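The values are calculated or read from the model by the stated rules, or taken from the named source; none is laboratory data. This structure is a prediction, so every number in the text was calculated from the model and none was measured. When we count neighbours, we look across all protein chains shown, and the Cβ atoms used for this are built from the backbone with ideal geometry, even at glycine. Areas reflect the complete protein model, heavy atoms only, side chains present, ligands, DNA and RNA absent. Shrake-Rupley method; radii C 1.70, N 1.55, O 1.52, S 1.80 Å.
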Amino acid sequence: MNDQPFGDGPDTALGAALRRALDAGDERLFVTRVLAALDMARPRAWDVLAHWARHGLLGAAAAALIVGLLLARAGRRESRDRLDEAFAAAVAAGGAPAELASGAPPDPSIVLATLEER
Amino acid sequence: MTDPAQRAGGGARTKNEAVLVARARAGDRAAFGELVERYAAPARRIARAILGDADDADDAAQDAFLSALVKLGQFDHRRPFAPWLLRIVANAATDRWRRKTVRRAEPLDARAASHDPSPDIVTARRELDERLRAALAELPERRRVAVVLFDVEGYGHAEIAAILGIPEGTVRSEVFHARRFLRGRLADLKEEW
């Protein structure tokens, strides 16, 4: 026992007696109890939302992918249609687009080859 | 932390503790559980030193752990975790004690404060425990906590001063008076120590 009134060291005898008197035991039970209280206190809604969020994110990603593919396909078709229309208009106007864009004299072989592809 | 020798043991433990705190702060339930397991014993002892009743003490310790989890964002990770936690425990127990006294307007744990040993206490050790708890209950709260932190938990005066938010000299004085009182109360049972 440390009988020094202002002793710097702990009084081991008194400390051991106090520890025994204050110890409640069942630490595992207490931990379980605290964790159960935590689960009760923590808003269950967060867990539900987190669960939803995981599924939601996957769904949103899939939907975005599908929409993206559809838009890309529609865009490709639309631009091809526009190109076809412009080309047809150019042909109807009496010449190939290259010929219209160029200031040089027309090359009949290029015009013919283009028309043959159509 | 529980044991002074154990407390002195560790850099790795402190490092591991910092990881646990960080994980708990990030919402890791298992890490929080590990922290509770690690500090359950001292937290419950401090709460019991303040409240006297074991069930009330466990309620207060539980509140303190949950409160600590909420406040983990405010914890300065460069500082040791245990004193910060024990301060929350002491505050939770004190709050509960105040609510209890307002509700009941009765002295602390009348059964524990009684000097007559309960008839079902058969062993000398149990009698000592009862007497010690009763004697502890007679001390002012701060004195109780100071002596438990010093002699049971192995904290130094400076650490206790930080936990209780009082000057170090006051801690020394509180520990001194608490020891003297407790030794006096248990003088006739000295051979049982």
Helices (runs of 4 or more DSSP H) completely within segment B:3-103 that count 3 or more residues being modelled with pLDDT of 95 or more: B:29-51, B:54-71
Tell me, please, whether a residue that is open to solvent by 50 Å² or more (accessible area, probe 1.4 Å), more than 9 Å from every other protein chain (Cβ to nearest Cβ), over 30 Å from B:Gly156 (Cα atoms) and modelled with pLDDT of 85 or more can be found in segment A:41-60. no
Selection status of B:Arg180, part of a helix (DSSP H, G or I) and open to solvent by 60 Å² or more (accessible area, probe 1.4 Å): yes
B:Ala92: passes all of (1) over 10 Å from the mean Cα position of the chain (by Cα); (2) small (Gly, Ala, Ser); (3) within 11 Å of another protein chain (Cβ to nearest Cβ) but (3)
Please tell me if A:Ala64 is under 30 Å from B:Glu174 (Cβ atoms), modelled with pLDDT of 80 or more and among the small types (Gly, Ala, Ser). no
For segment B:145-159, give me each residue that is open to solvent by less than 30 Å² (accessible area, probe 1.4 Å) and more than 13 Å from A:Pro10 (Cα to Cα). B:Val145
Kindly establish whether B:Ala113 is at pLDDT below 95 and surrounded by 13 or more Cβ atoms within 10 Å (Cβ to Cβ). yes
For segment B:150-171, what are the residues that are within 11 Å of another protein chain (Cβ to nearest Cβ) and part of a loop (DSSP other than H, G, I, E, B)? B:Glu153, B:Gly154, B:Tyr155, B:Gly156
Looking at this structure, is A:Ala37 at pLDDT 75 or above, open to solvent by less than 60 Å² (accessible area, probe 1.4 Å) and under 45 Å from the mean Cα position of the chain (by Cα)? yes
What's the total number of residues in segment A:14-35 that are closer than 12 Å to B:Ala41 by Cα, at the interface with chain B (Cβ under 7 Å from one of its Cβ atoms) and part of a helix (DSSP H, G or I)? 6
